[in-house]
Amino acid sequence: MSERAPVPTETIHRIAAILERLPECEEHDAWTGIAWKTRDATVGHVFGGEDGLIRITFRAEPDEVQAFQHLGPQYFKTSWGTNVVGIVLDEHTDWDELTELLTDSYCIQAPQDLAAQVDRPTPHPAQ
């Protein structure tokens, strides 16, 4: 079995800065990498793959899940969960887009009373 790529500390800090500002969203060790949860629901999970790539998975609305399957190689739908999608993180990652996607994931996963406390980012128009 190949060794999984380590997630760079800077990447973990950037994701933590996005997610830990949300009510009751906390970092946890995952089976590999790091996950952020609100109560028992996973909001995001960053990990290194055996192929050396760093990925983050999160939840998305049904129409976004469909789009992720057609956006290109950086975007993917997982084989588990009906609403679990992800992005390969690299030097081309759009961190504003990722902030929006992770905030949406939080609002999908969090109890309504917590999600209602969140100001959601304004979507960026397609370029």
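Bear in mind that the values in this text are calculations on the coordinates, not laboratory data. Keep in mind that what you see is a predicted model, and the values were worked out from it rather than measured. Glycine also receives a Cβ, built like all others from the backbone with ideal geometry; neighbour counts cover every protein chain displayed.
When the range 37-95 is examined, which residues are found to be without any contact (Cβ under 8 Å) to a residue 12 or more places away in the chain and aliphatic (A, V, I, L, M)?
A67, L71
Being closer than 21 Å to T93 by Cα and in contact (Cβ under 8 Å) with a residue 40 or more places away in the chain is the filter here, so list the residues in the range 7-24 that pass it.
V7, P8, T11, R14, I15, I18, L19
Looking at (1) of a type in the set (D, E, K, R); (2) without any contact (Cβ under 8 Å) to a residue 40 or more places away in the chain; (3) not in a strand (DSSP E or B), can you tell me which one E27 breaks?
(3)
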